[in-house]
1. May I ask you to order 156-169, 222-235 by the average number of other C-beta atoms within 10 Å around their residues, highest value first?
2. List the pairs from 84/190; 160/327; 38/135; 83/160; 83/190; 103/190 whose alpha-carbon separation is above 31 Å, in the order I gave them.
3. Using alpha carbons only, how many angstrom separate the centre of segment 295-370 from the centre of segment 16-36?
4. Rounded to the nearest 500, what is the 222 nm mean residue ellipticity of the chain from helices alone, with -39500 (n - 2.57) per DSSP H run of 4+ residues and division by all residues?
5. So for 370, 362, 280, fewest C-beta neighbours within 10 Å to most, what's the order?
6. Note the listed values (i) 1.17; (ii) 1.41; (iii) 2.17, then indicate which one is Cα Rg over 2.2 N^0.38 Å calculated from this particular structure.
7. Please determine, in degrees from 0 to 90 and to the nearest 10, the orientation of helix 281-292 with respect to the longest principal axis defined by the Cα atoms of the chain, where the helix direction is its Cα long axis.
8. Angle between the Cα long axis of helix 76-87 and the longest principal axis of the chain, 0 to 90 degrees, nearest 10?
Amino acid sequence: MSGVLDGIRVLDFGRYIAGPYCATLLSDLGAEVIRIEKVDGSEDRFISPIADGGEGPLFMQVGRNKLGMTLNPMKPEGREVVKKLVATADVVVANLPDESLEKMGLDYESLKAIKEDIILTTVSAFGPQGPYRQKVGFDGVGQAMSGNMHVTGYPDEPMKNWVPYVDFGTASLCAFGTMAALMERQRTGKGQCVQGSLLGTALTFANSTLIEQAVIEIDRVATGNRGQVAAPADVYKTKDGWILVQALGQPLFERWCNLMDEDHWLEDPRFASDILRGDHGDIISARMSEWTEQRTTEDAIVSLEKARIPAGPVHSPRTALEDPQVKAGGYMTDVDYPGLSRPAPLSKTPIRLSETPGEIRHRAPVLGEHTDQIMAELGYSTTEVGALRAKRVV
């Protein structure tokens, strides 16, 4: 099946998540992506190793569908290889500091000198402007500086999300920007630079909270899992686990009152609106806890679903993989990888297109798996590649 980006070549110089997963999404949609790593392998390849070669689960995810080569662009011979690669490419993805981009010949002006219509997609921690533009940062820094950690957790203990949503959000937005740049190039023939930042993504995701603060200066503090703008909205203990319930809006609150068989809540002025219910959420959560503690997770979920109140079980990673909807919904596919004791369940392209869907075509590459193939395509002989390998250029 042909993909939306068939015929597009992407050079992925990314590290960790934001750059590599942006390129992964492009590869899912048909682009040929070459993942270019350090000679000894990039850092994200080896996070939380699960394979005999030291590869970790993150690399299984962000490396899929890609060709893999090793290269040291800091050496003169490596810079020459970069130039030849860029001449064949449509997009370069790199989440590296500006200084590193320049040293590697990957800054936009250097790339344009090689290929006029090239698209450069970059990711930084804080963006290209402002006093922090040269600082480094990870996902957690974005979470912390956007205000999210302050309202997550507890008043005496700010808490970040375990899942790096800022990284994956930035990657997704950069893929969106890259697709837009490709559409513009198709229309005008011109390339451009696409710039994403972790702080920009984090501020975007937290924007409604920041707007509220700026306008009414509410100074919210964390309340654990309990929501502050509606109720019931909390995590509740059952006989055999935990469930999350979220009732937002008057119709859902009315359904909840009917489920509790206590319509008098509807006449109580403390619960007359979502905001008021959030203000008194501890009272509503206490009542909901009484109800859930008398039921198993399954019984509670069934009753809430009958009342059409959004709810779900709090899964562990193990039970998430075993959930019947996860299994039947086509969200995951098992992919073998050298050195794994069992196949890795990779999440499929999260956006589904009816006519040209993204797909996982092959596993992530082992270190340098396609170096010889790609170098041969660039015109290097076996002898030349051997000499470059001896110098640790590739």
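Quick note: the coordinates plus some simple rules give every number you see, no bench work behind them. Predicted, not measured: the structure shown is a model, and the values here were computed from it. Cβ coordinates were reconstructed from backbone atoms using ideal geometry, including for glycine residues, and neighbour counts include every protein chain displayed.
1. By packing density, highest mean first, the sequence is 222-235, 156-169.
2. Pairs exceeding the cut-off: 83/160.
3. Using only Cα atoms, the two centres lie 20 Å from each other.
4. Value at 222 nm, helices only, nearest 500: -11500 deg cm²/dmol.
5. Final ranking by Cβ density, sparse to dense: 362, 280, 370.
6. Among (i) 1.17; (ii) 1.41; (iii) 2.17, the one calculated here is (i).
7. Helix 281-292 and the main axis of the chain meet at about 90 degrees.
8. Around 70 degrees separate the two axes.
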